[in-house]
Amino acid sequence: MESGSGGCRRLRKTESAEMRWVVPGGACEEDEIESSDDGGTDTPAAASGSRGGGGSDDDDGGYEEDEMLRQRLVRTGPRADSFDVEALDVPGVYRHQEFTIGRSIVLTLQTLGVVFGDVGTSPLYTFDVMFNKYPITTKEDVLGALSLVIYTLILIPFLKYTMIVLWGNDDGEGGTFALYSLICRNAKASLLPNQLPSDTRISSFNLKVPSVELERSLKIKERLETSSMLKKLLLMLVLFGTSMVIADGVVTPAMSVMSAVNGLKVGISSVNEGEVVMITVAFLIVLFSLQRFGTSKVGLAVGPALFIWFCCLAGIGIYNIRIYGSQVLHAFNPLYIYYYFERNPTQAWMSLGGCLLCATGLEAMFADLCYFSVRSVQLTFVFLVLPCLLLGYLGQAAFLMENLTQSQQVFFLSIPSQAFWPVVFIATLAALIASRAMTTAIFSTIKQATALGCFPRLKIIHTSRKFMGQIYIPVMNWFLLVSCLAFVTVFGSINEIGNAYGIAELGVMMMTTVLVTIIMLLIWQVNIIVVLCFLTLFLGLELFFFSSVLGSVADGSWVLLVFAAVLYLVMYIWNYGTKLKYETEVKQKLSMDLLMQLGCNLGTVRAPGIGLVYNELVRGVPAIFGQFLTTLPAMHSMIIFVCIKWVPVPVVPQNERFLFRRVCPKNYHMFRCIARYGYKDVRKENPQAFEQLLIESLEKFIRREAQERSLESDHNDDTDSEEEIASSSSRVLVGPNGSIYSLGVPLAESAGTVNSALGSSASFDGSSLDNELSFIHKAKESGVVYLLGHGDIRARKESFFLKKLVINYFYAFLRKNCRQGIATLSIPHTRMMQVAMQYMV
């Protein structure tokens, strides 16, 4: 058993628990739990406000200031709701795998196939788009453009994303919403109040000593938590970035595949633009049809192909440098960028949009991080991807310097004639792989957005038992296919698509820069000088690029902006409607006082049987239950509120499926149940098997509860407090919220064995246990009925016209056509009751 200062027993740390700031060496953990439940303080300073920590009120001001700083730097053990802990206490969560040499090679190949396909195919079109509007006239222009490409690759993909942004992941999840999730967890910046206290008050401050960075971080946190305007602005930025990510996922396949197919025009002079479009459409249909086979299978299959592609880039580059001269190596001198802009400022400025295309696919690299580790992505990029890309661009520039008039299809023209067709085949295959990289990134982003209530719920299929992040979203896959085909047929040229491509990429890059800056200040607590340098350098550079691509909006890029705006409205309306619905459900949930006033019969007749009330609330009695009480002539003798909770493991064993807690005193016979499912579980069990397992789990819960209360009564006969029970024999602690924790074993283990509420004043004896088990059996024999409630929202009559339009039509349409939040079983209609309830907002 762990012991703290003064013999105080402490709860062990778990990932899902809340960490709070207290005075070191102060009161026991039991007191901390009691205080936090009573006060509910939010800020680190307030969390320890009433604790003395060994000091006195008569100390001088300097000592008090030192103590205030220390209070912000020491964290207690966790205080966690037992449901939170148990719902994640499943074998297989967060297990670290050991990587052998063979496993590392396989992971490298998968990383190539999934993460780096997009940036790897950028040499197919970068120089083509750069020199599209203004042809090159001198060799110095080639060196200037090449120098631009080299330092763009070094600054944005290498320095910004690989060395900085990748570390901003949220427990292995990357992408725009991963950054937003980090900010919300650390500063309660989310507008959607659907998190439990242990979710919303997590702190990641790790500094051991007082510092200026910590004080600034606390001020930013307080400002962000108290300003609704800042929360809305942050959400709008995130939704804008996400809409640009999805738009990027539409343009990427069109650009990559069409640029590869364009190689046929070099090898076969009779191929025209229309035939290129038709072949591109055929390839795209095949590509999206194969997406359902999953990242692990496809990534391992195409990883070797992409490795060959990078080797081809390097080999062709070395060949061209050897044939046409090594003068291109002078481009590593950044002065050539200055000379380029000095000679032709307009041409250089217009070429920036094409230059940016050498850095495409970076958001895919970040968003696909959930499939792989940060180190594997970094090492693969630094030691394989970046050198091959640089050699590829150097070789193309060497060819251009001797062939100034051939500025289109540069890559294919620079291929040695004897290797042309094999390279065209590999290039086409690499382009298809590149398209998958962005598609998988969108799947990850949609999953994160859905979890944060910012995207309509869609069917998500997990394609791997080994890697939890590998998913496939059918509806999104076919939506991207249709949109991509529309872009290909409408634009029909890589130069026009390239303009739209640059806008999508820059929109995502700028949002990532802003979010990482906030994380640097709020979570990482980086020195302010470093933060300002990061923001000034990268945001300034991206705005400079953005000024160039905006000049091409009139050429057709406006279509992409309209597409992104529609996606933005969909996400904002869904978040707005979901927020209103959840707030209304929480406000209108039934109070425990009302249930106590109704009595154990709930103001109606209790007929024999079990009623399973499905709801989405983990805490409290949903308002829809009141509809059942007023609608039905009688209520079942036993009521179980069932909440579905998805846990990040492949399979949950059947004997660990259900978690229980009492809702009212024992004679009410009401329980709350959380049903845990893994993403590989078959969720449509036979109703009889489901019911049998549920009843068996309930009986086990009651027996454990009786055993714990028996231990408590044996060693605490003289204890008259219901708020704190700490026995060396029973090793349990009861907080004022009714949660019971074990002090002798890890929290996640103890919560699963002693979870109960203090609703009953009498302890369990043998006869009461037998009577309750007998009551359950009789209720089961009388039958089980599934009570399903469907809540909806409508705008009030006095609401503004715009609110009525959004809630009554747009949000209602999205909610009607999205996936239901509660997964129902295959229940016979004769045993199911449904009640609809409408909330006025």
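The values are calculated or read from the model by the stated rules, or taken from the named source; none is laboratory data. Computed from a predicted model, the values in this text were never measured in an experiment. We place every Cβ from the backbone using ideal geometry, glycine too, and count neighbours over all the protein chains shown. Calculation scope for accessible area: heavy atoms of the full protein, side chains included, ligands and nucleic acids excluded. Shrake-Rupley method; radii C 1.70, N 1.55, O 1.52, S 1.80 Å.
How about the stretch 470-487: which of its residues are buried (at least 21 other Cβ atoms within 10 Å of the Cβ) and in a helix (DSSP H, G or I)?
Met476, Leu480, Cys484, Phe487
In this structure, does Arg796 turn out to be open to solvent by 20 Å² or more (accessible area, probe 1.4 Å) and part of a loop (DSSP other than H, G, I, E, B)?
Spelling it out, Arg796 is indeed open to solvent by 20 Å² or more (accessible area, probe 1.4 Å) and part of a loop (DSSP other than H, G, I, E, B).
Among the listed residues Val261, Val328, identify the single one that is under 39 Å from the mean Cα position of the chain (by Cα) and in contact (Cβ under 8 Å) with a residue 40 or more places away in the chain.
Within the list Val261, Val328, the selection yields Val261.
Using beta carbons and a limit of 7 Å, which pairs, at least six apart or on different chains, have the first residue in the stretch 792-820 and at positive phi and the second one among the aromatic types (Phe, Trp, Tyr) and modelled with pLDDT under 85?
Filtered contacts from the stretch 792-820: no entries.
Among the numbered criteria (1) open to solvent by 20 Å² or more (accessible area, probe 1.4 Å); (2) in contact with a helix residue (DSSP H, G or I) (Cβ under 7 Å, 6 or more places away or on another chain), which single criterion is violated by Ile610?
So Ile610 meets the others, but not (1).
Output the residues belonging to the stretch 400-444 that are outside any loop (DSSP other than H, G, I, E, B), among the polar types (S, T, N, Q) and touching a residue at least 12 places away in the same chain (Cβ under 8 Å).
Thr428, Ser435, Thr439, Thr440, Ser444
Which condition from (1) open to solvent by 50 Å² or more (accessible area, probe 1.4 Å); (2) touching a residue at least 60 places away in the same chain (Cβ under 8 Å) is the one that Glu342 breaks?
The single condition Glu342 does not satisfy is (2).
Among the residues of the stretch 348-373, write down those that are assigned to a helix (DSSP H, G or I), open to solvent by less than 20 Å² (accessible area, probe 1.4 Å) and either of a type in the set (Val, Ile, Thr) or closer than 21 Å to Ser552 by Cβ (or both).
The answer is Ala348, Leu352, Gly353, Gly354, Cys355, Leu356, Leu357, Cys358, Ala359, Leu362, Glu363.
Within the stretch 418-438, can you find the residues that are over 12 Å from Cys312 (Cα atoms), open to solvent by 30 Å² or more (accessible area, probe 1.4 Å) and touching a Gly at 6+ places or on another chain (Cβ under 9 Å)?
Trp421, Leu432, listed by residue number.
Restrict the check to the stretch 383-391 and report whether at least one residue is under 24 Å from Val276 (Cα atoms), surrounded by 22 or more Cβ atoms within 10 Å (Cβ to Cβ) and out of contact with any Leu (no Cβ under 6 Å at 6 or more places or on another chain).
Within the stretch 383-391, not a single residue is under 24 Å from Val276 (Cα atoms), surrounded by 22 or more Cβ atoms within 10 Å (Cβ to Cβ) and out of contact with any Leu (no Cβ under 6 Å at 6 or more places or on another chain).
When you scan the stretch 101-218 for helices (runs of 4 or more DSSP H) that lie fully inside it, which ones turn up with 2 or more residues that are modelled with pLDDT of 85 or more and on the phi < 0 side of the Ramachandran plot?
In the stretch 101-218, the matching helices (runs of 4 or more DSSP H) lie at 117-120, 126-130, 139-153.
Among the listed residues Thr463, Thr428, Thr405, Thr380, identify the single one that is of a type in the set (S, T, N, Q) and at pLDDT below 80.
Thr463
Here are some residues: Leu567, Leu561. Which one is within 17 Å of Met511 (Cα to Cα) and modelled with pLDDT under 90?
Criteria check complete, one pass: Leu561.
Given the residues Gln327, Gln396, Gln408, Gln378, which is the only one that is touching a helix residue (DSSP H, G or I) at 6+ places or on another chain (Cβ under 9 Å), open to solvent by less than 70 Å² (accessible area, probe 1.4 Å), over 30 Å from Met163 (Cβ atoms) and of a type in the set (S, T, N, Q)?
On inspection, the qualifying residue turns out to be Gln408.
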